[in-house]
Amino acid sequence: MNQTAQKLDTAYDPERAQAFADRIAQLINDGAVAVMISLGHRAGLFEALASLPPSDSHTIARRAGLAERYVREWLAALVTGGIVDYDPATRRYALPGEHGACLTRDAPLGNLAVYAQHVALMGQVQDHILERFRSGDGTRYEDYPCFHHMMAEDSGQTVVAQLFEQILPLVPGLRERLERGIAVLDAGCGRGEALIALARHFPESRFTGYDLCSDAIEDAARAARDAGLDNLSFGVRDLTDFDEQARYDLVTSFDAVHDQKAPADLIRRLHRSLRSQGTYLMQDIGGSAQLENNLDFPMAAFLYAISCVHCTPVSLGQGGEGLGTMWGWETAEAMLMDAGFDRVTRHVLPHDPMNVWFVSHKG
Ligand SMILES: C[S@@+](CC[C@H](N)C(=O)[O-])C[C@H]1O[C@@H](n2cnc3c(N)ncnc32)[C@H](O)[C@@H]1O
């Protein structure tokens, strides 16, 4: 036996090592299933399965408008992954109702397949990120295919779907102010779906959405035009040097501060853009700034992984601080206080355990 093998032999408990190896194998298997869930979501396969009685692969492929040979292989991955049921006697596949409840569009538990897309994206950008590990450079939003589409689906669930029932009530009296007519800014609006929903609901108020990315803003502006809204405008704007003074009564940002170049500076600028008695409503990731506090935080490893491949590098790519996804609610709260807000309250909503919602008032 050579020296290294000898050292290893005495350095670990073989039973625990085998149990850990089994866990890693399971993890790799589950990772592959996550990518298949992403693919199935994008291909509309879960909706096809949910709309059919137990069916063969030809029927499922036809319903989804896809090539049967690919669909059959996908089904096999999902059957062995424990997602889809299979009856070998009839060669029919079925998505149990309980599984459809978190894997289909408008699913009652929220569609978790939306988040599986992030796992697929991580694989897609791995080569870019590996280069950045070596060079220390950052990335640009354009380096992430479909990012804004995925984000719009994500915030469609955590923000838009709960806007009127859960989110607006966080700010007492806000609904009435919006009904009377106020000026609203959404900073880092992406495809602007939250703002479009608000503009439709509150015709007396005026809404502005700014984002760095022209492709997201083009989609937002098109959707606003299609909806025939004239109380809403979108603009491409790098908020790093944002300098509008006392123009808005409400500023919102949905998951759009932690990956900025300079989050503390942006929050100060947003504070300045509010009129007195104005409100800043900020949703951002709710983990702690301390790694050790996040061991039980919902989907913490997933969030750190997104941070590693996206949120940290896009901030670094703007010459920024790269605070990362898990910048921490403590950091956010301190920045809000330092910016001059005189009342800051923190909320966690039951439908959105990964995020924290801050309501901050300007005196
Ligand atoms: C995680 S996405 C959230 C998008 C949107 N609020 C939503 O909920 O779907 C963060 C957004 O911040 C925007 N952003 C990042 N840096 C920016 C900057 N310097 N100026 C303006 N927008 C920026 C990105 O383009 C992106 O759309």
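The values are calculated or read from the model by the stated rules, or taken from the named source; none is laboratory data. The structure presented is a predicted model; accordingly, all values stated were derived computationally and were not measured. Note that we place each Cβ from the backbone using ideal geometry, even for glycine, and neighbour counts take in every protein chain shown. With ligands, DNA and RNA removed, areas are computed over all heavy atoms of the protein, side chains included. Shrake-Rupley method; radii C 1.70, N 1.55, O 1.52, S 1.80 Å.
Quick notes
- Failed criterion for LEU323 (all others in (1) away from the ligand (no atom under 14 Å from the Cβ); (2) out of contact with any Phe, Trp or Tyr (no Cβ under 7 Å at 6 or more places or on another chain) hold): (1)
- Criterion (crowded, with 23+ Cβ neighbours inside 10 Å and over 16 Å from ALA256 (Cα atoms)) met by exactly one of LEU185, LEU232, LEU195, LEU178: LEU232
- Note on the stretch 80-111: residues that are open to solvent by 90 Å² or more (accessible area, probe 1.4 Å), in contact (Cβ under 8 Å) with a residue 24 or more places away in the chain and in a loop (DSSP other than H, G, I, E, B) total 2.
Per-residue answers, yes or no, for (1) without any contact (Cβ under 8 Å) to a residue 12 or more places away in the chain; (2) within 15 Å of the ligand (Cβ to nearest atom); (3) part of a helix (DSSP H, G or I):
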residue: ALA120; (1), (2), (3): no, no, yes
residue: HIS148; (1), (2), (3): no, yes, yes
residue: PRO172; (1), (2), (3): yes, no, no
residue: LEU178; (1), (2), (3): no, no, yes
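- Residue match in the stretch 239-258 (condition: of a type outside the set (D, E, K, R) and part of a helix (DSSP H, G or I)): yes
- Residue count for the stretch 225-260 under the criterion of being within 9 Å of the ligand (Cβ to nearest atom) and in contact with a Gly (Cβ under 6 Å, 6 or more places away or on another chain): the result is 2.
- Residue identified as closer than 28 Å to HIS361 by Cα, in the same structural domain as GLY209 (by TED's automatic domain parsing), surrounded by fewer than 21 Cβ atoms within 10 Å (Cβ to Cβ) and touching a helix residue (DSSP H, G or I) at 6+ places or on another chain (Cβ under 6 Å) among ALA334, ALA262, ALA300, ALA289: ALA289
- Being open to solvent by 20 Å² or more (accessible area, probe 1.4 Å), in the same structural domain as GLU179 (by TED's automatic domain parsing), over 24 Å from ALA197 (Cα atoms) and of a type in the set (Gly, Ala, Ser) is a description that does not apply to ALA227.
- Failed item in (1) open to solvent by 60 Å² or more (accessible area, probe 1.4 Å); (2) away from the ligand (no atom under 16 Å from the Cβ); (3) in a helix (DSSP H, G or I), with ARG268 passing the rest: (2)
- Residue count, the stretch 194-224 (criterion: within 25 Å of TYR141 (Cα to Cα) and more than 13 Å from the ligand (Cβ to nearest atom)): 4
- When ASP137 is tested against the conditions (1) over 24 Å from MET36 (Cβ atoms); (2) within 13 Å of the chain's Cα centre (by Cα); (3) away from the ligand (no atom under 13 Å from the Cβ), the lone failure is (2).
- Residue count for the stretch 324-363 under the criterion of being part of a loop (DSSP other than H, G, I, E, B), within 17 Å of the chain's Cα centre (by Cα) and on the phi < 0 side of the Ramachandran plot: the result is 10.
- Set SER253, SER307: member being surrounded by 20 or more Cβ atoms within 10 Å (Cβ to Cβ) and under 27 Å from LEU174 (Cα atoms): SER253
- Count of residues meeting criterion [at negative phi and open to solvent by 30 Å² or more (accessible area, probe 1.4 Å)] in the stretch 239-248: 5
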